[in-house]
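Quick notes on the structure that follows.
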Amino acid sequence: MKDKKTTGKADEPEQPGRTGAQCVIDGLVKAGCEVLFGYPGGAVLDIFNCIYDAPFNFVLTRHEQGAVHMADGYARATGRPGCCLVTSGPGATNTVTGLATAYMDGIPLVCFTGQVALNMIGNDAFQEADVIGITRPVTKYNFLVRSADELPEIIAKAFHIATTGKPGPVVVDIPKNVQKQMTVATTPEKVTMRAYKPDVEINPEELKDFAEMINAASRPLLYAGGGLITAGASGLLAELARKANMPVCTTLMALGAFPEDDPLALRMVGMHGSVAANYAIDHCDLLISAGARFDDRVTGKISSFAARAKIVHIDIDRSSINKSVHAHLGVHGDLRKVLDAVTPLVRPAAHEEWMGQVAQWKERFPFAYQGREGELMPQYVIEQIYEVSGGKAVVTTDVGQNQMWAAQFFRYTRPRTFISSGGLGTMGFGLPACIGAQFGRRDELAVCITGDGGVQMNFQELVVAVEHRLPIVVVILNNGYLGMVRQWQELFYSKRYSGVMLSQSGRAPNEQIQDKGGYLPDFIKMAEAHGANARRITRAEEVTPALKEAFESRQTWVIECIISPEANVYPMIPPGSHVAEMINHTV
Amino acid sequence: MKHIINCLVENQPGVLARIVGLISGRGYNIETLNVGPTADPTVSKMTIVVPGDANIIAQVTHQLSKQPDVIEVVNMTNRRHLDRELILLRVAAANHHDRAEIVDLAALFMARVVGVQTESVTIQMAGNQETVADFLRLLKPYKLIDISRSGVIAVGRD
Ligand SMILES: Cc1ncc(C[n+]2csc(CCOP(=O)(O)OP(=O)(O)O)c2C)c(N)n1
Ligand SMILES: [Mg+2]
């Protein structure tokens, strides 16, 4: 297929070693890269020249933001670092949202950016941007490479930093002349960085106190966060929960880390979490945070959060402990090691009264919704995705109401099957993340649940799925609104809908584009123009057959569901409020 | 309360910007900042004075510690230490009466007069935070034409 005769190096003098560009490829291979997402440009031509012969898969995205979200989705789905490559200037600045998304959720990825030649830096050269300065606050670390000699070591360090401790994105900015330089430097077998110590010694005193607090508690509650998935400690948490019979609630980031069909599962906690989870937080006498970080979307009003409880906070990130909520005990360390060490010290317990109370809440207040006459309910669509897939899908979401319904009405039972931008809340994440996830998990059904707003932010990436024959299924919950913003305007701004209307039909007649009619944009035509199969459904009876067809076809599908325009996400604890102020129109 | 934080970092380009960005990006204030080499040429020492309560200082310390360039972070305020700041200042001295008073005052603080001009004197003074503050307070009645402060530096004591 490829013409291997032209290497493009013919007119260069023979020198020992390899080019900086080749070091990038070799570094990626050494790091186990199987797929590189990216977009070319003048400042990375030398690297692309080497990609021509690279043993891994290169995926040309249609926007650099898409490349980073794909690398991110890949990382979340597999636990392996995502890799991406973009050019200097606009290529690099386009990655910022993707990097910030990964940074907030602690996702390991390495992003290579081209840079103008070293002697041009600072001159406002063509397509120059201060990438190190711009990306510093949204990365775990970044490197400007000054010579090809340091490149192999920097790449090894980049992967080391990205994947250890609390993971995160790392940028490697490589000037064009460095890509051309020859070097004999080799990749070190082991990375040593005296200032970077991701391994934490666990303090045995903390462990002892922790176990004693569990043994003394009568209403303990485990509060699991995304760190549980990162640490690969789901099984250990389940073991501890079962041994001391403690209920478990999970943050959005931890959905699937504890099986939601388990009798101990209280499911999602926080603003749109389950009643049982939020009541349990309010009533427990011991709250154990395992890899969660007390985000304000979980705590609401800090002063009354878990007011009756002693709080234990286990975190690998020392700065996370006591950051927003005072912890009575901080346990600094890797969750796997902590759980592994504490469980043997914990006495089996029944907590009968507490478990009875919790069971009652679960029973009385499941996630529920009220149908609206003649309208397709989004919650029903999600329930059907769960049913038709047999609960065995890798789900990615966008941000907004669609994200919350996806969290509430599907039951996640395995880690790394719910992929969502939690910390940054990035609209436009769902579709590229789904593509990245499918690249990492070829044999699974990958479903993207998205909104009519968010899907337009990275729709162009659909082509990538089609091109690579990825059988992803994109379900657009089209409510004609920036629904989540509309919901807040309905509830907190006396229904003054401002800047949230996406559909034509809701507008005053003089504001409608009469001659176009129908749907704007027409997602079906858009999907078909991108080479995907597409179907629009408007009634409940159509949902199951459409999903069945799409799931069984093993082809790229877009299913647009015209849903109830003003359906809301409940329960809802208004921002900065206590559980007592929960709005729940479902009971 | 002000805290003096000593931070040993890799002596590499970009580290200063990273540390400053980290602290300011999280909304904390830097009152003074001093950077210099150490006995080991690959290591720099930064001394940062940050005002804030115990929680803020704990956050700053933990955030600094987790940076891949930061070798060690020590809050000097919590332990026995010596701290010094060097200040250079030019004070207006319109007549010899004023000048004599300023020179006397400087002598009390073991500050040195390093320059005398017709209408001003230049003084070099070093001291810990308290002494520097006292000295400046006593100079209030005179017109300060210019002042340069080095920022605080500190070393631990056993
Ligand atoms: C990039 C970005 N811009 C703005 C927002 C603010 N925002 C949060 S949810 C939302 C509405 C999303 O609308 P849609 O994609 O249609 O999803 P829905 O809530 O209707 O399900 C907006 C604008 C965001 N999260 N991300
Ligand atoms: Mg919408």
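The values are calculated or read from the model by the stated rules, or taken from the named source; none is laboratory data. All values reported here derive from a predicted model rather than from experimental measurement. No Cβ is skipped: glycine too gets one built from the backbone with ideal geometry, and neighbour counts run over all protein chains shown. Calculation scope for accessible area: heavy atoms of the full protein, side chains included, ligands and nucleic acids excluded. Shrake-Rupley method; radii C 1.70, N 1.55, O 1.52, S 1.80 Å.
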Which one is nearest to A:Thr396 (Cα to Cα), of the residues in the stretch A:225-268 that are open to solvent by 10 Å² or more (accessible area, probe 1.4 Å) and part of a loop (DSSP other than H, G, I, E, B)?
A:Thr251
What is the residue count in the stretch A:124-160 for residues that are touching a Pro at 6+ places or on another chain (Cβ under 9 Å) and farther than 14 Å from A:Leu99 by Cβ?
10
Of those in the stretch A:493-522 that are among the aliphatic types (A, V, I, L, M) and within 16 Å of ligand 1 (Cβ to nearest atom), the residue farthest from the other protein chains (Cβ to nearest Cβ) is A:Leu520
Taking the stretch A:303-329, which residues are under 15 Å from A:Glu212 (Cβ atoms) and in contact with a Lys or Arg (Cβ under 8 Å, 6 or more places away or on another chain)?
A:His328, A:Leu329
Condition (residue is open to solvent by 10 Å² or more (accessible area, probe 1.4 Å) and within 14 Å of ligand 2 (Cβ to nearest atom)) applied to the stretch A:438-447: is it met by at least one residue?
no
Could you count how many residues in the stretch A:367-417 are within 14 Å of ligand 2 (Cβ to nearest atom) and among the polar types (S, T, N, Q)?
4
Spans of helices (runs of 4 or more DSSP H) in the stretch A:107-210 with at least 2 residues of a type in the set (Phe, Trp, Tyr) and surrounded by fewer than 21 Cβ atoms within 10 Å (Cβ to Cβ)
none
Residue list for the stretch A:448-487, restricted to those being open to solvent by less than 20 Å² (accessible area, probe 1.4 Å), β-branched (Val, Ile, Thr) and away from ligand 2 (no atom under 16 Å from the Cβ):
A:Val464, A:Ile472, A:Val473
List the strands (runs of 3 or more DSSP E) inside the stretch A:271-373, counting only whole elements, that have at least 1 residues being away from chain B (no Cβ under 14 Å) and surrounded by fewer than 20 Cβ atoms within 10 Å (Cβ to Cβ).
A:310-315, A:329-332
Failed condition for A:Val543, given (1) under 22 Å from A:Tyr380 (Cβ atoms); (2) within 15 Å of ligand 2 (Cβ to nearest atom), with all others met?
(2)
Residue by residue through the stretch A:90-106, note down the ones that are in a loop (DSSP other than H, G, I, E, B) and open to solvent by 10 Å² or more (accessible area, probe 1.4 Å).
A:Asn94
Only one of A:Ile559, A:Ile583, A:Ile513, A:Ile537 is touching a strand residue (DSSP E or B) at 6+ places or on another chain (Cβ under 9 Å) and loosely packed, with under 15 Cβ neighbours inside 10 Å, namely A:Ile583
